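The values are calculated or read from the model by the stated rules, or taken from the named source; none is laboratory data. In this text the structure is predicted, and so the values were computed from the model without any measurement. Ideal geometry is used to build each Cβ from the backbone, glycine not excepted, and the neighbour counts take in all protein chains shown.
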Amino acid sequence: MHSESCAILQSKYYSEKLGIHKHDAAGRRRVAASFIEGLHWVLEYYYRGVASWTWFFPYHFAPMISDMTDIQEFDVAFQLGQPFLPFQQLLGVLPSASFKLLPEPFQVGLIRPLTKAFAFQLGRLMLLLHGFLQRLLPCLSFKAALPAFWPPITVFPDVL
């Protein structure tokens, strides 16, 4: 009985929170692998410095602890990449309602409705377990959103 209720809870969690079907063991494994990468990234950061400027956890929720098995099999390797420029960093964290705080050339990407950056800023609302609504931004690679902002960077390099 107990294991059945755990399986139901696990299935519901992965389906509702992560969009992973209950029979998709590989999908659950990908979430666990990304989570382990995140733990590695944090340890690297605090003990050796930045392991990667571009790595991000591509999910809103962690895996269930029951799926954190055979973690020694995960191969974790990072590409260092390049740090983002200050205004590029702001574009990743600044709420769209505050876009006027950016220099004018960067505001265009936030108000142009068909850009990936606009879709990134809209996010979606999700009902959490405790009944609260939370805006969840899509897990979008920052590299995918940056092209919307490259014209200001090349045309107006003095604002950087």
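Select from segment 1-43 the residues that are more than 19 Å from the chain's Cα centre (by Cα) and of a type in the set (Asp, Glu) and write down the one among them that is farthest from ALA62 (Cα to Cα). The residue in question is GLU4. When segment 62-86 is filtered for residues that are more than 17 Å from the chain's Cα centre (by Cα), within 30 Å of SER5 (Cβ to Cβ) and assigned to a loop (DSSP other than H, G, I, E, B), the ones remaining, listed by number, are MET64, MET68, THR69, ASP70, PHE74.
Looking at segment 29-61 only, could you name the residues that are within 23 Å of GLU4 (Cβ to Cβ) and either modelled with pLDDT under 95 or of a type in the set (Gly, Ala, Ser) (or both)? Spell out how you get there, then give the answer.
As a first pass, look at segment 29-61 and keep what is within 23 Å of GLU4 (Cβ to Cβ): 29, 31-32, 61.
Correct list: ALA32, PHE61.
Just one residue in the set PHE35, PHE74 is touching a residue at least 40 places away in the same chain (Cβ under 8 Å) and among the aromatic types (Phe, Trp, Tyr); that residue is PHE74. The residues of segment 3-56 that are outside any helix (DSSP H, G or I) and among the acidic types (Asp, Glu) amount to a single one, ASP24.
Being buried (at least 16 other Cβ atoms within 10 Å of the Cβ) and without any contact (Cβ under 8 Å) to a residue 12 or more places away in the chain narrows it down to one residue among ILE8, ILE65, ILE20; which is it? Show your work before the answer.
Values: ILE8 fails: buried (at least 16 other Cβ atoms within 10 Å of the Cβ); ILE65 fails: buried (at least 16 other Cβ atoms within 10 Å of the Cβ).
Sole residue among the options that is buried (at least 16 other Cβ atoms within 10 Å of the Cβ) and without any contact (Cβ under 8 Å) to a residue 12 or more places away in the chain: ILE20.
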